[in-house]
Structure formats: structure tokens, C-alpha cells
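Reviewing the structure listed below.
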Amino acid sequence: MTAQPAPSGTADKSAAVDVVVVGAGFAGLYALHRLRRQGLSVRVFEAAAGVGGVWYWNRYPGARCDVESVDYSYSFDSALEQEWNWTEKYATQPEILAYLNHVADRFDLRRDISFETRVTDMVLDEKTLRWEVRTDRGDVVSARFCILAVGPLSNANIPAIEGLDSFAGEVYHTAHWPHEGVDFTGKRVGVIGTGSSGIQAIPHIAKEAAQLYVFQRTPNYSVPAGNIPLDDETRAAQKAGYAERRRLSMLSGGGSPHQPHPESALDVSAEELRQTYERRWELGGVLFSKAFPDQLVTIEANDTARLFWEQKVRAVIDDPAVADVLIPKDHPIGAKRICTDDNYFQTFNRDNVSLVNLRATPIERIDASGLDTTEAHYDLDALVLATGFDAMTGSVQKLNVVGRGGRTLNEAWAEGPATYLGLGVPGFPNLFNIAGPGAPSVLANMVLHSELHLNWVADAIAFLDARSAPAIEAREDAAAEWVAECTRRAAETLMPQANSWYLGANIPGKPRVFMPFVGGFGVYGEIIADVAAAGYNGFDIHQDLTA
Ligand code: NAP
């Protein structure tokens, strides 16, 4: 064991620790707590000024989780589960951030986190199998293990639109929203992007702005968020049933306790089909995509969900011509992450809101006064970029990670992210990536997923320590097989049929690989548990430094 690092702010700039963790979001905080409990010294580096990760940065109006609060929360401490009171079924960004701050204080996590510190380089010393980690604040830390807890949706995508820099008005990205908030009252506002972030923000911006132009390139499926306040009785019942709720979540497809209908969407009566979708519609959140087990497997089953959705949505849009532009036609429902909203489609009934169809009239350029499409000029005071992320790999690839033979992780992933179980990368011993490519990642509840991954990592470290083995390293053949397995499973679903960020399709030039493991959260949990129980097959356990 090495000594505990000095506290944040007064940190020794050249320290040695057991573990460096990059990121202090849900995963990074739990990594610190879990590994510290195991007697390891841990240093966390976080670029933001506070904890929270994605929930620290994404403060746009309407930001809210699409997984129920009771499920989107840590399970590792039952006292924490019992003492925290979620006020709404689907928590807002401020409430989730307050929860994470509470966790950081309750478990005394801050003393091992260096805030406003960005990791720049992580370089393997092949002789010692230790990592040298450098930061933009001059830290040089030697670590035996590195945990990348940078989040799959943390590297904002700024679109390459000609003249964007010349715009004289205000420009905001949903993923870097000002902490003091933005007042759009009386302003002419343009929003580019109609994914989850845009769809959540647009109804709120519309209420303030004098005029709102929504620049839509691809329409998206969105279901009502279904948010409601939680009363004491509901909260008490949830808390009383927590153990069972967690058990079901860990076995489920996506990390929530709700099970799909046991039969195919094509085998049930018309009435049962309707009622099942109706129940999911009422539940709100992303689980509308998982009402039936074959909904994302056959286009016939998917069509039943799509038709139900379309009927619901057309019913709330006044102008059928506007509805035609808002209804997706290019991908199965759920093949891109379904969005959740608070009166998004109804927003287009407002007099101060205009939908601009970029498929018909693409953006040509932005100038000081506003935005030009091929058809018109739009005068704007403010521009909101709800243009998403270089997802899954973007934040990892910003770190200069250099493994065996001087090969960088970016070189290793040039054709797409190759991992074994999403956890290990050949040539990068003792480096673990959390809830990223090769794992269920964004297809699952990220809180429980982070816990699952970090418990596995902590056990792997204990396994090494029990044998005085310096390192664990994914094998090339195991990673190649795992990548093939992930690709094969994805190909058996409708998921690759959408041009989604799951495939990297939103970033020009990015290799087109379906990155998450689609086989289900519970199935994945069993796979990684079996690998551990079998002595980490597919990994080399290095017994000495020359191995
Ligand atoms: P996104 O889903 O990638 O959406 C980005 C939007 O920007 C798309 O409509 C895209 O159009 C558009 N866009 C990008 N570049 C453009 C350009 N050059 N010109 C015109 N339009 C452009 O990003 P997001 O909305 O931030 O959501 C990302 C993910 O974050 C979600 O899928 C979800 O997993 C997560 N998220 C979750 C919540 C929640 O829990 N409720 C909220 C927000 C985000 P195209 O589709 O045509 O590329």
C-alpha cells in the first residue's frame, strides 16, 4: 500500500498512489469510496470545480433524468437509500447534483479529489507496470491502477458550421450551460438540435423567448417524461421495497426493475398491445422502448410501438404539416435513444415557435446577425447548440493514454474501440474503462452500471493483491472475440439501423461501430461475474514484472 495523497489544493505534485481515477461523477465518486474502503490510496482528478460529472455541466432548462430517481441512485449503502428523499419521480439536474454533493460529503470524498484539474497524459512504465499520470496543474502521479470514469456523454460536439464564431449574439451549448442560468425573455432564439437535450430544453426556452426557431435536421421519437411529485407514502413504499427493486434491476435488460411483457408484441391481442403501450406511456421515461421483448428485434414488432406513438403524437400537434416534419421516418422507434419530454410536441402549437426543417433547407452559414439556411435568413439574439456529444470514446480519447510499446489508446482504437468486456484493453495493463464501449453503458442505468463495474474492478485488484501479482491485462484474442460478440449481438437487433451516436454516426470521420453491448445489463453482469469466478479468463494475470 502507498501513502494517502495530500488533500485537494495542497496536494503533493509528485505522489504515488494505488489508484488514479479520472472523473468525479457517479462512477468516479463510487470508485473512490469503494477502493478506499478496500485500503487502497486513491487520487481523483476532476476538470470541473465540483462533483457531478454530466450532472455538473448539463444545467440547461428542463434537464432531468429519464430513469426513475429511486433507481437512478446508488445501491451500495442502504442507509443512504433510506435517508435520501427524492422529491420527484424523475429527478431534475439540480436535485441529482445535490444528491451527489450529499454523497461526497457523507462519505468524506472531497479530500482525495483534485478539482479544476484535467488529466493530460497517462503513460505506462513497462518496467514497473505503473502509470505516470500528468495533469494541466503540474501533477505527476505514479499509480498502479488507472480508472477512466470520464463518462460516455461528456465531450460536447460543437458543429462545424461556417461562421459560427462570427455570431454577435450569445452562444450556449446544452452541455456547458452557465451556472447562473440564462434569461431568454424578449429574445429571438435559435436552437440547433432535437435530441434528448434539445427536446427537454425547447419547451422551457419557448416560454421565455419572444421568438424561438427550432432548427431540426432529424426528427426524434419522444415520449412524455411522466414526471410527478413523490409523496411520503410513495417514497416510503419505494424505500421498503428497495432490496427487491435492486435485485430486479440487476437482472433486467436496462438496470430498472420494470420487466417487459413476457410475450412477443405480435402474439398478443390488439387490446393487450394497446394497454401495454399505454402503461409504458403513463410510466414515462425511456422504458417505452422496452415494452415488449422483440420491440427492438423485428421491424414488425417495432412497427406496433411506432404506430401507437405516432397516433399519440399527431393528436397533440395542431398543424398536420408540422406534425409531418416532427415524425421520424428514417429509423425504428428506440433504435436511437428515445427522448423524454414535457410538452415538446405541443410547443410547436405556440405562436412564437417556428420549426425549420433542415432536411429541406440546410444551414448554409452563421453570420453576426443570425443564421442562413438555403431558403431564409433568421435574425437571432441567442443561439443554443443542443448538438450532443462525441459519445462513448470522445472523452477517453482526449487523454493521451500511452500503453505498451509507446502505442496510444487512440492508435489502438483507430478502427473503433476494442475492449475485452468493456473493462480492459490489450496493451494497457491495470487500466479500466468504466461504463463505456463494449459494456451496456448508455443502454443501462448508469448508476448501477458504475457500481457493477467498480465492484468488479475492486475484486480484480483484491485478486491480484492476494497473489502478489502486479497486473491484469486483457488478451488480444479475448478482446477480438468480445468485439465480434458485441457486433454480432447488435446485428441481431434493429439498433444499427439508425444513424445514432451509439454508432459514432454523429461525428464526421468516426469509425462506424456499434459501441455498447446490447445483450442486456443482467446478462452482461453474469458474463463478467463468470469471468471473474473462472480466475479472470481472457485476461493475463502477470505474476511478475517481466511476464
Ligand atoms: P444528440 O442526441 O446527439 O442530439 C444532437 C442533435 O443535434 C441532433 O438532433 C442532431 O441532428 C443535431 N445536430 C448535430 N450537429 C448538427 C448540425 N451540424 N446541424 C444541425 N443539427 C445538428 O445529443 P443530446 O440531445 O445532447 O443527447 C445525447 C444523449 O445524452 C441522449 O441520447 C441521452 O442518452 C443523453 N441525455 C439524456 C437526457 C435524459 O436523461 N433525459 C437528457 C439529455 C441527454 P442529427 O440527428 O441529424 O445528427
One residue is enough: does segment 257-271 have a residue meeting the conditions within 16 Å of the ligand (Cβ to nearest atom) and touching a residue at least 60 places away in the same chain (Cβ under 8 Å)?
no
Working only within segment 369-408, note down all residues that are in a strand (DSSP E or B), away from the ligand (no atom under 16 Å from the Cβ) and within 28 Å of R134 (Cα to Cα).
N400, V401, V402, T408
Can you tell me which residue within segment 326-345, out of those that are assigned to a helix (DSSP H, G or I) and within 13 Å of the ligand (Cβ to nearest atom), is nearest to R359 (Cα to Cα)?
L326
Which numbered condition A210 misses (of (1) within 16 Å of the ligand (Cβ to nearest atom); (2) open to solvent by 40 Å² or more (accessible area, probe 1.4 Å))
(1)
Out of G181, G163, report the one residue that is of a type outside the set (S, T, N, Q), more than 13 Å from the ligand (Cβ to nearest atom) and not assigned by TED's automatic domain parsing to the domain that holds G53.
G181
Could you give every pair whose Cβ atoms fall below 7 Å, whose first residue belongs to segment 45-72 and is touching a residue at least 40 places away in the same chain (Cβ under 8 Å) and farther than 25 Å from V21 by Cα, and whose second residue is away from the ligand (no atom under 12 Å from the Cβ) and outside any helix (DSSP H, G or I), counting only separations of at least 6 or pairs across chains?
V67/S256; E68/K89; E68/S256; S69/W86; S69/E88; S69/K89; V70/W86
Of the criteria (1) more than 14 Å from the chain's Cα centre (by Cα); (2) open to solvent by 30 Å² or more (accessible area, probe 1.4 Å); (3) within 14 Å of the ligand (Cβ to nearest atom), which one W501 fails
(1)
From the set of residues in segment 79-126 that are open to solvent by 50 Å² or more (accessible area, probe 1.4 Å) and part of a loop (DSSP other than H, G, I, E, B), which is farthest from A240 (Cα to Cα)?
E126
Could you run through segment 36-74 and say how many residues are touching a strand residue (DSSP E or B) at 6+ places or on another chain (Cβ under 8 Å), surrounded by 24 or more Cβ atoms within 10 Å (Cβ to Cβ), over 30 Å from V182 (Cα atoms) and not β-branched (V, I, T)?
1
So, A435, is that one open to solvent by less than 10 Å² (accessible area, probe 1.4 Å) and on the phi < 0 side of the Ramachandran plot or not?
no
Residue identified as more than 19 Å from L380 (Cβ to Cβ), within 16 Å of the ligand (Cβ to nearest atom) and open to solvent by less than 30 Å² (accessible area, probe 1.4 Å) among A175, A201:
A175
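The values are calculated or read from the model by the stated rules, or taken from the named source; none is laboratory data. Values in this document were obtained by computation on a predicted structure and should not be read as measured data. Neighbour counts are summed over all protein chains in view; Cβ atoms, including those assigned to glycine, are modelled from backbone coordinates with ideal geometry. For accessibility, only protein heavy atoms count, side chains too; no ligands or nucleic acids. Shrake-Rupley method; radii C 1.70, N 1.55, O 1.52, S 1.80 Å.
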